[in-house]
Structures are given as structure tokens and as C-alpha cells.
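Below: the structure, in C-alpha cells.
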Amino acid sequence: MEQLLPQHGDNRQAQKLLAESLASDSVDLHDLLFQIAELDEKRAFSLFFKLYHAKMLLLARIFVSSPQKAEDVVSDVLIKLLRNRRKTFNKKNFLGFLYTCIKNQSLDYLRKNKRHNHIKIDNNIDFLIHHRSDPCNHLMGKEFEEIVYECIENLPPRRKLVYKMIKDDQLSYKQVGELLDISVRTVEVQLRLAVKHLKITVDDYLTCSR
């Protein structure tokens, strides 16, 4: 099962699949999970890994300070899920389940190392997370899409994760709050600040384009 995990620097096939999926403007997560769970399809898992690996790392880094330990957390979770893939990858709310596993594995690591305090992410860390859900991207050109992407990538890490979990993954405010150990009110505030920043960026772009 562990052989399904892509090796760093050896993801050309995943990149090809990703490019094909993006070209068709459609990635069917349900179909992707079915191929992994029922068909043991390595290419499907490679694409899934490409799409969600950075976001899983971002979540792990909320709790674990070391980038390498965060990588270990994500790898351990994926290996466990793959060993029982027909059950785990068929979960109805798979992304919520996945992120909960990442959080729990991170907390287990902290307990084993007797470090119960959550460690904040350095705001200067560069996390490359694929953004593809904003409907504005389909209405305007590549330049606009790049500006929106850059705006979201430059959000503070926790705020960016809140935005992506709600907008991209369709998680509820309550689910995001439980995953990040923050209140629903804090989730609402973080999302509102992210949207406000995005709106300012878009307004500035539209003003300059007139």
C-alpha cells in the first residue's frame, strides 16, 4: 500500500493527470475516491495527492512546528487510510474525515513528545496550495486569475486555511472550528477578513482595468 505514496520529485504522471483535469476544468473528487477505494488506481491517488498534499501539510503545521514532522504526520495518515482504503476512501464526508485524521495524528505526535501547546505557523512560510474554486476565475482572463490566486496565497496561513476549507472543500464553520480548535465566531471573522481582502484586491484590479 505504501508504494502508492508518490515520492518527492517523481510526480510527472500526477502532473500530467492534473494538467488534463484542469484543462477540462473538472476534477470529480467522488470519482477519484472511488478509483482509489475500489480499483486501487495509483494514478488516481497520485492526482489526489497532488491536489491535497499542500493543504494537509498546512493543517499539520498548525499543530506541529517541524516541516519534516508535518510531512511524517501526513504520510502516516495516508498510509493508514490506504491500508483500509475501501472503507476510508468511501467515507461520505471524506475531506472532513481526512482533516480530522491529520489533526488527531498531529496531536498524537505532540502528546508523545510531551508538547501540548499548539505552535503557530510562521507567517513567512510559503505554502503552495492549488486554488481553483473561485467562480470569478472562469469569467475573466488569466491575469485576473493569477491576481486572485496570489491574493489568497498571501493571506496569513490560518486565514488561508479557513478560506480554502469553506470555499474549496465546502466544510461547515463548525467543522473548520473543531479542526483548528477555534470558535465558530473566529472562523466567521477569519473568513470575513479573507473575503474583504480579496474584494479589495479585485476592486483595485477592476479600477485599474477601466
Screening Val162, Val187, Val195, Val176 for residues that are out of contact with any Asp or Glu (no Cβ under 7 Å at 6 or more places or on another chain) and either in the same structural domain as Phe48 (by TED's automatic domain parsing) or surrounded by fewer than 19 Cβ atoms within 10 Å (Cβ to Cβ) (or both) leaves only Val195
Sort through Phe127, Phe97 and tell me the only one that's exposed (fewer than 15 other Cβ atoms within 10 Å of the Cβ), within 22 Å of Val176 (Cα to Cα) and either more than 17 Å from the chain's Cα centre (by Cα) or at pLDDT 80 or above (or both). Phe97
Output the residue which, of all residues in the range 41-91 that are in a helix (DSSP H, G or I) and of a type in the set (Ser, Thr, Tyr), is surrounded by the fewest Cβ atoms within 10 Å (Cβ to Cβ). Ser75
Tabulated pairs, the range 185-210, first of a type in the set (S, T, N, Q), second at pLDDT 90 or above and buried (at least 16 other Cβ atoms within 10 Å of the Cβ), C-beta under 6 angstrom, 6+ apart or interchain: Gln190/Arg159; Gln190/Val162
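The values are calculated or read from the model by the stated rules, or taken from the named source; none is laboratory data. Because the structure is a prediction, the values reported are computed rather than measured. Note that we place each Cβ from the backbone using ideal geometry, even for glycine, and neighbour counts take in every protein chain shown.
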